Structure formats: structure tokens, C-alpha cells
1. Out of the strands (runs of 3 or more DSSP E) lying entirely within region 363-427, which hold 2 or more residues that are of a type outside the set (S, T, N, Q) and without any contact (Cβ under 8 Å) to a residue 24 or more places away in the chain?
2. Search region 438-463 for residues being hydrophobic (A, V, I, L, M, F, W, C) and under 23 Å from the mean Cα position of the chain (by Cα), and hand back the single one that is farthest from K489 (Cα to Cα).
3. Return only the number of the condition from (1) crowded, with 18+ Cβ neighbours inside 10 Å; (2) not assigned by TED's automatic domain parsing to the domain that holds S425; (3) not in a loop (DSSP other than H, G, I, E, B) that N454 does not satisfy.
4. Cβ-Cβ below 6 Å, separation at least six or inter-chain, first residue in region 516-538 and among the small types (G, A, S), second in a strand (DSSP E or B) and at pLDDT 95 or above: which pairs?
5. What single numbered condition from (1) hydrophobic (A, V, I, L, M, F, W, C); (2) under 21 Å from V208 (Cβ atoms); (3) touching a Pro at 6+ places or on another chain (Cβ under 8 Å) fails to hold for A429?
6. Under 9 Å between Cβ atoms, which residue pairs at least 6 apart in sequence (or on different chains) link something in region 278-297 that is on the phi > 0 side of the Ramachandran plot with a partner that is assigned to a loop (DSSP other than H, G, I, E, B) and at pLDDT below 90?
7. Assess whether R187 counts as being surrounded by 19 or more Cβ atoms within 10 Å (Cβ to Cβ), in the same structural domain as D140 (by TED's automatic domain parsing) and basic (K, R).
8. Could you tell me whether G260 is surrounded by fewer than 16 Cβ atoms within 10 Å (Cβ to Cβ) and either acidic (D, E) or modelled with pLDDT under 95 (or both)?
Amino acid sequence: MLKNLLTSFLLLNSLFSFAQSKNEKVEYRIRRATSPLKIDGIVDEKAWAEAQLATDFYQVLPMDTSYAKVRTDVKMTYDDKNLYVVFINYDKLPGPYMVESLKRDFNFGKNDNDLLFLDTFDDQTNGFSFGANAMGAQWDGLMFNGSNISLTWENKWTSEVKYDDEKWVWECAIPFKTLRYKKGIKRWGVNFSRLDLKTTEKSAWAPVPRQFPTASLAYTASLIWDEEPPTASSNISIIPYILGGVSRNQEKKLPTDYRGDIGFDAKVGLTSSLNLDLTVNPDFSQVEVDQQQTNLDRFELFFPERRQFFLENGDLFANFGYQTLRPFFSRRIGLNTPIKFGARVSGKLNKDWRIGLMDMQTGKSDAVSNAQNFGVIALQRRVFARSNIAVMFVNKQLLDYQSVVDKATVKEYNRNLAIEYNLLSQNNAWTGKLMYFKSFSPNTQKDDGVFAGNILYTNKRLTAGIEFESVGSNYTAEVGYVPRINYGKLNPQIGYLFFPKSRHILSHGPTAMLTHYFTKDFSKETENEKFIAYRINFRKTNTLMAWVAHNYVYLLRPFDPTNFAGVFLKEGSEHKWDSFGIDYTSKPQALLTYSVSSRYGGYYANGTRLRLNGEVGYRFQPYVAITMSANYNQLNFKSEPAVPTDLVNKQFNFWLVGPRVDVTFTNKLFFTNFFQFNNQNKNVNLNTRLQWRYSPASDLFLVYTDNYISDTFQVRNRALVLKFTYWWNV
């Protein structure tokens, strides 16, 4: 299998080796500004009059066979400090613009918006994205893996939006200090994208096939500089914080705790493409709380990283493996211990090489009595047209190990070595991975490796692919996310779309997916799911999907099917069931939006499970967005021989309810109130956050958190934090 897969990967790469962007002949020639520019959304300066005009956008959605029906004009220029961009968005239909709120990094599909994509190394793999919605809310993110965008990245730049009866204008200035690029490169990749919800049209200046996002760097045009982009002056930013807070754990009857902390982050531009990040005594109290999930799975749930320090060039570390098979997951750092300090070097060495180095030091806590050190090295080399080979080494080291009493259960270190090949074809039609991981711990035993891969083909109508995984019984990744070990997996999938001549339906088609788990030697099947769905995509971008599935599980260890009652099904027991469901998402153009998802069918131990998910949102645009989400699961167990006595004729009702209110008084002052009721983990959480962005990338936060017992609403703990941060360019 390995030989055949390697041969297939190399053959695919040979077909696309050393190719350029599909739109390389589409050129935007950027010239130095001939006059000063004021970022006010008014395009009346001489420099704008003399800049090249990019117009005649191509339609991407609903179809990609014509020019856009809504006119969009774009111009670019620059001076010694900034790159300037202006979008002029003309209206085709009357009526108000569709805007969810003034919140930063808005939901792309629910806002009229403009997006800029920059491939500063012209490698069609990594880049930057900037944008705004029609009321001026900003969007920025790091681009990786050809088309993915991490919106958790933030940096310092300015923009302004103005609008009248026939158009809206977005003008921005992006400091060269904010970007990462190699000195001397006079050709970048660029594309401009617009979403107009009144006409449900998504368009791009350089054409992009409809099956791909407009962020696809494989389809960028060429940005040709009239001279070398200016070298940024000293690029050092210090971001100190001051924090005061008070908290009390009433559940454990602890006295009130008062805290006062100071710390800082720093960003040092080692080169125009390589950055050093430093942190001392970091605090992440202002980070939004995780959205809770009802857990009826046999494995640990995944929650994404939200802490700012770990995010720039985060794909170098976080993109290894799959979401459920990661040798490194940064949320493991500081999980039970406070982070004392850390350093990270990341970025481009040249067009072909990227590097990431990270070292984090934690202190002691009640949960962990010894300090820990976390070190990560990642190196990535571009090969062929857009593919790359990456290597990572992860080390978790327990300090002062001699003082550990229980050496039988506490390990001195855990290390992982990972190598990965990422396939990205020149036209983005073929994507895939091939990877091998190996772990090292004291008294390491055999069968401590991972071998996995996948390949996926996508065109306008057809999607087809297969994935496999083989994970050893002794593989451990203490700084990773690997919820299950000792298994083999095969996962083929196929989907097809029809495009009818209809005023209301854009496309429809089936999808089929088979997921099979085996013992490590593939001698016995332990789990499978057969899933078939039919999806309808409407022209107003609302969607409807109906599905059926069959599941089989052979339990390799005891399992509580409620994750609540403490009643376990026996190891070696077999479980089969059928289920079906319907999902619907409403059109985003309406002020009232909603989505519903349902599932009904069998469950473990011959039981039944009903799941109802729903979310309703209403916006008083652009200032207030109210969302109510609810998740209901009902489990019923009948009197069957396989059912434990404590579950017979029992019904379990799990509710997860989460009303949320987002108020954006301006694009600099935000208020969020998020309430979550979860009776499965017997907790009610209230998180209230006020954020004032008084200066670009500088904030004042006031955060209040409450936790209650869901049955009695008795207070568990409370905390109030006031935090001040300032972004200072040295």
C-alpha cells in the first residue's frame, strides 16, 4: 500500500511540477503614490486618479461562466510605510446593505464584504487576507495551505468605509511592518473578492472556479511592483498589559482572591519575513469562552486554540496531521499550569523554506507540582509546484524529575517526531497528505508510530477521495490531540452535483461516505458507519440536506452511553443501529436567520436517540445581533438482555442552551453576553465581556464570569477582571 500510494503522489506531482498560478498573465501593476493619501473612504487624491484600475470582475457564485453582474473597482498604490487599497462597490439592487454587526472578523457569508488576498512570496501556499464589511468592520487573517485563513491573527492596520445612494467604498492602509515578505521580490500574488448578498453574487477579479473559495492562492493574479517593495524600518512591537481582578470559589468555600498582574508580549522582525515573538507572564482572561458541546462520544472533545500568542504562522505547528490526529496541540500548554514565559521564531527563510521554533516554560500549580518545558521545532520545504514536505519535533520535559514521588505513573518526558508530505496540485483539484509520526517516552515499547494519508479530487461536479490511518497501541502525544490509539481506519467518500435550469435551485446531488475502523492489524472490524446524504443548494444560498446512516460498534472497553449516569456497557459487546436526519440553513440575506438539524434512530444497547439542534438569530443591523442556540438529546433504553439493569426503561434528557447577545456600539466598542446552560455537566456559565479598541490593536477589557450548578443555580465561582493592553511600535 505504501509503495502504491507514494507512486501515486509522485505521479500527480510530476503532472504539475514547477507550474505558475493559473492567472499569472492577469497583472496589476502597482506604482508609488504621487501624493499623500488620507484614509477616509473618499477617493479624491491625485495618487488614486493615477493608479491602475482593476475592474470587470468574474462571477464565482452562483455560477462561474460570466462576468459579474455587480460592478466592483479596485486600485492599489504605496509609499515608504504603507500599502494602500481601495474597493469601490457599486449597487445593482436597491435596499440596505446586509451587515451582521460591526464586530471584527465577521461571518463571511452573512455580510456584504470586500476581501483582499496577498501572496507575498508568490508561492501559492501562504499569504495574508484583509477585508471589511459594508459598515466598516475589519477582517484580517493569515493564509495557509493554499486557501485556509486563520482569523484569530490580528495586527495593526487602518481602514474606513463610506457609502452613498449608489455605492460603498472601502479604503485601507496596511503597514509594511504588518506584512511578511522577502526583500527584492517584485512579484506577488493578489486577488480581490466581493460578496453582494442582495444579488447573492460572489465575484473575484482573477477568475476562480466555483468549487473553490476566492481565497485560493492557486488562482491569484500577478502583482507587479514598479520597484522593490520598501524595506520596513525597525520592526519591534511591545504589547504590555496590566490586569486587576477579583474571584471567589464559593463551591469550595475558599476566601476571595484578589489578583494584580503585569506582563507583556513582544514582536521583533528579525527580517522582513521572519518574526520573533516573546511573552512573559501571559494572561488570556479576555479570550472568548469555548462554546460547550454535549458529549455522547467515547472520546475527548476538541476545542480550538484561541490564544493570540500561538496564532501567527500557527499552521506550521497546528496543521500537522488531521484534526483528530495531531502530534502537537498548543492548548495542552498551560492547561493545568501557568505559563511563565515563552519565545517563538516563525516565518519564511526564502520562497521555499519556512521555519518555526517554540519554547514555553510553565510554573507549578495545584494540579502539577513540577514545572514543565515545551519545545517545538518545525521545518517546511516547498517541493514541485505548490506541495511541501514538513518535519516537526515536539518535546515535553518535566523539570526536577528527581523530586517526583510516583515515578511509575509520571513520565519525565514525552517526545514526538513527525514527517509529513502535503500535496497541493497547481490547479487545486488534487489535495492530500502522507505522514508518519513516532513517539518517545521512558521505557518506550514497540508499536509507537502512526502512518496515515489521504487524497482528494475536486472539480465542479465531482468530489472523490480516500483516507487511511494506522495508529500504534503505544503511540502517545502528551502535547498533541489523539483521542484514540491502536486502530486502523479506511474512509472513502464520493459526491456529485447536478446543475438544473431552475430559478430557485442552484445545484443538488448525493454524497456517500464509508468509515471503517479495525484493530491495528486490520484483522477485525471494530466500528463502521455507512452514510448517504442528498443536498440541495438554493440560489439564495439556503441549503437543505437529508441523510440516512447505519452504525456498528464493537466496544473495546467499557463505555457509559450517557457520559452521565455512570452505567457502563461491557467490553466486547456489539451494537448496531440505523438513523436518519434532516438539516436546513436559511438564507443569510434576511434579518431573521435560522438553522435546524435533526437526528432520530437507534443507539447503543438497543436504545433510541433523538437529537434536535437549532439556532435562531436576529440582527438590528449593524449594532445588535441576538442568537439563541439549543441542543436537545433524548436517550431511551428499553428492557433488553444487553441493557444494564440501571438503564432499563430509563430516559435521559440533555439540554444545552446558549443565548448570546453581541452589541457593537461602534467598530471600536463591543459588548458580548454569552449564557450557556448544560445539564449534562451540571453547569451554567455566564460570560460577559466589554471591549474598547481605543487604538489599533490596543484594548481595554472588562470581563465578568459566573458559574452555577444547573440543578439548583447555586453559585460555584465568580470572577471579575479588568485588563489594559497597548500595542507600542518601538
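The values are calculated or read from the model by the stated rules, or taken from the named source; none is laboratory data. All of these numbers come straight from a predicted model, not from anything done at the bench. Here the Cβ positions follow ideal geometry from the backbone for every residue, glycine too, while neighbour counts run over all protein chains shown.
1. Details: elements: 372-383, 387-398, 413-424.
It comes to 372-383.
2. By that ranking, first place goes to L456.
3. Among (1) crowded, with 18+ Cβ neighbours inside 10 Å; (2) not assigned by TED's automatic domain parsing to the domain that holds S425; (3) not in a loop (DSSP other than H, G, I, E, B), N454 violates only (2).
4. The qualifying pairs are A533/T511; A533/M545; A533/W547.
5. A429 satisfies all of (1) hydrophobic (A, V, I, L, M, F, W, C); (2) under 21 Å from V208 (Cβ atoms); (3) touching a Pro at 6+ places or on another chain (Cβ under 8 Å) except (3).
6. From region 278-297, the pairs are N281/P338.
7. Numbers: surrounded by 19 or more Cβ atoms within 10 Å (Cβ to Cβ): no; in the same structural domain as D140 (by TED's automatic domain parsing): yes; basic (K, R): yes.
No, not satisfied.
8. Numbers: surrounded by fewer than 16 Cβ atoms within 10 Å (Cβ to Cβ): yes; either acidic (D, E) or modelled with pLDDT under 95 (or both): yes.
Yes; evaluated as a whole, the condition is true for this residue.
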